[in-house]
Amino acid sequence: MPLGPDLVGQRSETVRRANLGAIVRELHLRGPQSRSELVARTGLTRTAIRALIGELVAGDLFLEERGAPVGQPGRPSPLVRPREAGVVVLAVSIAVDSLAAALVGIGGEPIASVRIPRPRGHLSLDAIVEDLRELVSGLPVDAHRAAIIGIGVAMAGLVRRDDGSVSSAPNLGWRDAPLGERLPAAFGLDVPIHVANEADLAAVAELRRGAARGADDLLLIWGEVGVGGGIIVDGKPLTGVAGYAGEVGHMPVNPGGATCGCGSIGCWETEIGERALLRLAGRPVDGGPDEVDALLRAAAEGEPGALVALAHVGRWVGIGLSGLVNLLNPRVIVLGGLFARAYSYMEPAILAELDRLALRGPRELARIAPGALDVDAPLLGAAELALEPFLADPAARLGPRAQLVAAAGA
């Protein structure tokens with residue numbers, strides 16, 4: 001049965017919005033491109049690309065510039081790039097030892113950012129919300145207020161995604177903390193707020209911007225004081241029913257091991273976390289980043305105690321990874337945070353255990369790499385989280401001028 005005119009119009013609009021999303025996502029992930037490159041990468045016609053780019057330019061979200069000559073006859077294809085302040089999100093990272101915030105635009109580049117250390121005794125929800133208020137006040141929020149479309153928050157804890165509540169954050173002493181409920185007053189912005197686990201977001205950042213670019217199946221292990229995991233399957237984050245998936249630090253690996261901050265016994269975190277490493281090296285277990293940096297300097301100078309401690313932790317990293325490789329069959333394993341900084345010292349022990357314990361098939365397919373984004377991975381992942389609704393439907397952000405351009409081209 002033929003479609004009525006209303007249904008044809010609805011379907012046409014759906015296609016247009018999807019095509020706009022494909023173009024914007026391509027430019028966001030790969031950077032400025034010519035119209036010709038966008039034709040090749042999206043599969044859209046030159047006519048469609050020209051019309052849709054016209055909408056994005058008219059909406060003050062993107063710019064077109066004269067393309068560079070490529071040694072071929074004819075005029076070079078115009079280069080399309082995001083306007084720096086066309087769309088902006090506020091990204092925030094709440095870690096045990098630090099707080100960070102950044103304003104980030106399309107393309108994932110921070111416009112401005114700030115990071116401060118935070119005393120470990122300064123742990124209450126009230127204190128952190130107040131610290132965030134002061135931290136964000138140091139960014140040029142007012143200058144970009146009209147362009148800010150959302151806030152992404154990376155949290156070192158078990159986060160329920162539907163409301164941003166922190167079910168558990170053992171290393172902060174939190175349980176059932178209503179973080180998402182408290183954040184709007186801290187930021188003073190009337191935009192959506194999205195809260196997620198820091199390792200989940202670090203995985204997204206490393207996939208889009210870092211060590212796992214080009215891969216669709218990723219396992220990220222994030223280690224600082226605690227240990228978390230981010231899992232991406234077929235290009236999509238694996239978050240579980242409520243967003244709790246990926247808590248690999250609390251896999252039981254040693255029934256005769258130490259008590260974990262979560263209350264269980266022998267969690268993977270008790271064997272490979274920061275405190276375990278410092279204890280093995282004979283250093284203060286609550287010494288934080290300064291002691292870890294000192295330990296790594298000692299290892300670089302060949303100190304036997306430091307090298308033995310790093311190798312011991314590396315062995316346990318490899319043991320835990322072996323089970324995860326067998327379970328998830330990832331294309332890339334990214335070790336971030338502490339594990340990225342210490343990777344060169346842990347690598348032989350990690351690889352030895354993987355080769356010994358993992359099944360040959362999935363082991364041969366898994367590439368292992370230290371994270372490329374350092375401590376900023378969760379922060380950049382938080383920006384990606386806040387940008388996602390725009391990437392999925394940029395048409396919702398286009399103003400009347402762009403709508404006139406679209407109507408003229410219809």
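The values are calculated or read from the model by the stated rules, or taken from the named source; none is laboratory data. It should be emphasised that the depicted structure is a prediction, and the values quoted were computed from it without experimental measurement. For neighbour counting, all protein chains shown are included, and Cβ atoms are generated from backbone atoms with ideal geometry for every residue, glycine included.
In table form, for the structure just shown:
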read-out	value
Matching residues in region 308-318 - criterion: being crowded, with 17+ Cβ neighbours inside 10 Å and more than 21 Å from Met251 (Cα to Cα)	Ala309
Of all residues in region 156-175 being of a type in the set (A, V, I, L, M) and touching a residue at least 40 places away in the same chain (Cβ under 8 Å), the one that is surrounded by the fewest Cβ atoms within 10 Å (Cβ to Cβ)	Leu158
Within region 329-346, tally of residues that are crowded, with 19+ Cβ neighbours inside 10 Å and within 12 Å of Pro362 (Cβ to Cβ)	2
Top-ranked residue of region 176-194 - restricted to ones that are part of a loop (DSSP other than H, G, I, E, B) and more than 21 Å from the chain's Cα centre (by Cα), ranked as surrounded by the fewest Cβ atoms within 10 Å (Cβ to Cβ)	Asp190
Every residue from region 198-247 that is of a type in the set (Phe, Trp, Tyr) and either more than 23 Å from Asp97 (Cβ to Cβ) or assigned by TED's automatic domain parsing to the domain that holds Ala382 (or both)	Tyr244
Some residue of region 8-26 being modelled with pLDDT under 95 and not in a helix (DSSP H, G or I)	no
Among (1) closer than 30 Å to Pro362 by Cα; (2) surrounded by fewer than 19 Cβ atoms within 10 Å (Cβ to Cβ); (3) polar (S, T, N, Q), the one test that Asn197 misses	(2)
Region 200-215: number of residues that are crowded, with 21+ Cβ neighbours inside 10 Å and outside any loop (DSSP other than H, G, I, E, B)	9
Qualifying strands (runs of 3 or more DSSP E) (wholly inside region 43-148; at least 2 residues being surrounded by fewer than 17 Cβ atoms within 10 Å (Cβ to Cβ) and at pLDDT below 90)	none
Number of the exception - Ala258 against (1) closer than 18 Å to Asn171 by Cα; (2) small (Gly, Ala, Ser); (3) touching a Lys or Arg at 6+ places or on another chain (Cβ under 6 Å)	(3)
Answer from Arg297, Arg315 - the residue that is out of contact with any Phe, Trp or Tyr (no Cβ under 8 Å at 6 or more places or on another chain) and over 26 Å from Gly157 (Cα atoms)	Arg297
Residue among Arg363, Arg401 that alone is among the basic types (Lys, Arg) and either at pLDDT below 95 or closer than 16 Å to Ala199 by Cβ (or both)	Arg401
Pairs, first more than 10 Å from Val317 (Cα to Cα) in region 341-366, second assigned to a loop (DSSP other than H, G, I, E, B), C-beta under 6 Å, six or more apart	Pro362/Asn329; Ala366/Pro330
Looking only at region 239-294, and only at residues there that are in a helix (DSSP H, G or I) and among the aliphatic types (A, V, I, L, M), the one that is nearest to Gly164 (Cα to Cα)	Val248
Evaluation of Gly235 against (1) surrounded by fewer than 24 Cβ atoms within 10 Å (Cβ to Cβ); (2) farther than 17 Å from Met251 by Cα; (3) at pLDDT 95 or above (one fails), failing number	(3)
Breaking point among (1) of a type in the set (Gly, Ala, Ser); (2) surrounded by fewer than 24 Cβ atoms within 10 Å (Cβ to Cβ); (3) in contact (Cβ under 8 Å) with a residue 24 or more places away in the chain; (4) farther than 13 Å from Val334 by Cα, for Ser264	(3)
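Yes/no per residue for (1) in the same structural domain as Ile333 (by TED's automatic domain parsing); (2) modelled with pLDDT under 95; (3) of a type in the set (Gly, Ala, Ser); (4) in contact with a strand residue (DSSP E or B) (Cβ under 6 Å, 6 or more places away or on another chain):
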{"residue": "Leu280", "(1), (2), (3), (4)": "yes, no, no, no"}
{"residue": "Val285", "(1), (2), (3), (4)": "yes, yes, no, no"}
{"residue": "Arg297", "(1), (2), (3), (4)": "yes, no, no, no"}
{"residue": "Ala300", "(1), (2), (3), (4)": "yes, no, yes, no"}
{"residue": "Gly305", "(1), (2), (3), (4)": "yes, no, yes, no"}
{"residue": "Ala311", "(1), (2), (3), (4)": "yes, no, yes, no"}
{"residue": "Gly314", "(1), (2), (3), (4)": "yes, no, yes, no"}
{"residue": "Gly318", "(1), (2), (3), (4)": "yes, no, yes, no"}
